[in-house]
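See structure below.
Just so you know, all these numbers are worked out from the coordinates, no wet-lab data involved. All values derive from a computational prediction rather than experimental measurement. Neighbour counts run over all protein chains shown; Cβ positions are idealised from the backbone, glycine included.
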Amino acid sequence: MNKIKKNNLLLVPFGCFIALAFFFSATPAKADYYAQGVLASKNILSGAEVTAISSFQTTSVIPASTTASVKFSQNKVNYYNSGGTKEGWDVLADGTDTVDLSGLGWTGGLLFYKLKFTTSVATATPAVSAVQINYTGTAVPEISGIIYYNQGIVESKNLLSGATVSAINSFQATTSLPAGTFMSIKFSQNKVDYYNSSSTKEGWDNLSNGAISIDLSGLGWSGGSFFYKIQMESALDETLQPKVSAVQVDYDGSAVPSVGAERYAESTLVSTNLLSGFGEELAGDKYFVYNISSLPYGTNAYAQFSNDGLNWYNSAAELRGWDTLIYGDHLSYDTALNLEKLTWIGTGTPTFYYKLRLNTTVDFTTTPILKKAGLLRRITKINPDNHPGGQVRVNSPQVDRMTGGLVGIWSFNGLDISGVTAFDRSSGGHNGTLTGGARLDSGQLGQAVAFDGAAGYVSIGNVANGIKTVAFWMKAEPAVSRKIMDFDGTRQIEINSSSQIAATGFPAPTIYVNGVATSTVNTDWRFVAVTDTTGVNGTAVDLGRVGAGYFKGVLDEVRFYNIVLSPDEIFALYRLGYVKIKR
């Protein structure tokens with residue numbers, strides 16, 4: 001049996017002894033005295049593991065006309081005497097007195113008492129000089145210099161950082177809640193708005209002692225972002241602290257990757273001069289194109305533009321303004337940032353820079369991923385010998401040889417696709433049909449068609465006779481021994497075993513790659529053009545298939561002409577779809 005003994009317990013403010021003195025108004029004195037006083041203790045079994053509380057023992061001096069009484073509690077709210085009477089008192093005897101508490105049947109490391117002192121004469125006061133508790137259990141630990149608090153909140157980091165998550169199912173943990181302590185929890189995906197499992201904003205789920213599991217499926221959450229806040233409270237004894245361990249989130253998705261290198265909340269990237277070597281200025285005819293392939297929850301991407309690397313503007317020409325970039329492909333006129341208000345003309349050497357600001361506000365281990373960024377021109381300036389200083393305007397069919405001679409164009413962009421139909425936007429109306437494993441994918445300019453190399457192709461059929469220029473963007477996987485397109489069963493464009501573009505069956509082909517007369521390709525995006533002064537007939541056109549051979553990769557912006565485009569015009573077409581990447 002253990003004993004806790006408290007000596008020299010007196011009811012004097014700022015003292016160690018319990019003592020009372022009383023004053024009646026008929027007698028002069030220097031202080032006020034009261035006929036009754038009550039002393040409330042702290043938890044005198046704090047930190048002990050107790051299986052039975054046996055008795056309460058005091059040593060008191062109780063003069064005539066005075067009394068000392070005691071009652072007991074385990075929650076500081078409901079007090080009892082030794083007989084179990086709520087708000088009842090046990091009267092203490094002068095000298096050593098023992099109060100039997102075994103009838104209460106109390107266990108656990110919580111015991112509080114209140115002492116009440118009364119007197120009917122001003123010259124007498126009771127005093128309790130020692131208090132002792134007899135109990136069965138472990139010893140009460142010595143109080144260290146640690147400061148304890150009766151309430152605290154713990155906030156987690158992102159538990160699903162870097163994971164691809166389709167559904168968050170439940171939260172599990174193991175808790176230790178000593179008597180008189182409490183714990184509750186709420187959840188968030190943005191560290192701002194928190195909910196309980198019933199979707200009540202700023203609501204809490206109360207945790208019980210031991211292993212717990214909270215069903216979170218009703219929240220309907222997905223994505224690799226998950227935070228929790230746990231509120232811990234010790235209502236009775238601040239030295240008794242609740243604990244939580246073995247925290248686990250059950251979800252559907254990929255594993256959370258291990259964290260390696262140091263992470264930062266924000267970074268800024270500045271490009272080199274995008275107009276270097278092009279001999280032309282930014283004249284209100286350009287678009288900023290980009291492709292953000294990943295924009296996790298809580299991350300952001302912004303852009304600014306400059307012609308001197310010192311003064312930076314957004315696309316609205318606001319100094320120090322930023323444009324917010326959004327997820328996905330923005331590589332066509334419809335979705336790119338229009339820079340027409342940035343009319344930096346007459347500044348000397350052609351210059352254009354962009355600045356990207358990438359940040360994360362929720363989880364430092366996630367970041368936006370920018371795959372492409374650069375300039376797209378709606379007006380392409382060329383200076384061929386027969387048009388000195390002239391311009392060739394793209395998408396102007398009456399004056400532009402690059403569109404005026406079109407007999408078929410398949411862009412595969414949003415309005416040019418409906419279901420499995422790929423619309424021909426030339427005047428011919430030779431629409432294609434996505435067949436087998438052909439599907440839409442990201443392209444060099446907006447959308448494109450991806451081919452699986454096994455069964456996918458675009459069936460077009462009869463287009464025109466005398467096709468003299470074929471142009472398209474291509475990304476092959478791999479760039480060797482691949483059939484690209486068929487024209488009539490005998491004439492075709494393919495990649496041979498040496499990674500060279502071959503125009504099989506063409507009478508006198510000239511092959512260009514990225515605007516230059518060459519035929520070598522690789523697995524990167526490549527602009528391919530084939531010209532032939534005689535021309536070929538496109539009576540049974542398939543894209544992505546030649547006979548039993550299939551193309552694996554992506555095709556974009558396929559064009560057929562009944563004229564031979566000049567090298568300058570082919571280079572201008574390449575520039576139209578060229579995206580310069582600066583990371």
Handout entry: Long pairs among Lys355/Lys483; Lys71/Lys186; Lys372/Lys483; Lys42/Lys243; Lys157/Lys341, criterion Cα-Cα beyond 31 Å
Key = Lys355/Lys483; Lys71/Lys186; Lys157/Lys341
Handout entry: Prolate/oblate/rounded call for segment 151-253, Cα gyration tensor, a/c under 1.5 rounded
Key = prolate
Problem - Cα gyration tensor, segment 462-583 - rounded (a/c under 1.5), prolate or oblate - result: oblate
Problem - Assigned charges on the beta-carbon of Lys, Arg, Asp, Glu; segment 391-577 dipole about Cα centre (debye) - result: 60 debye
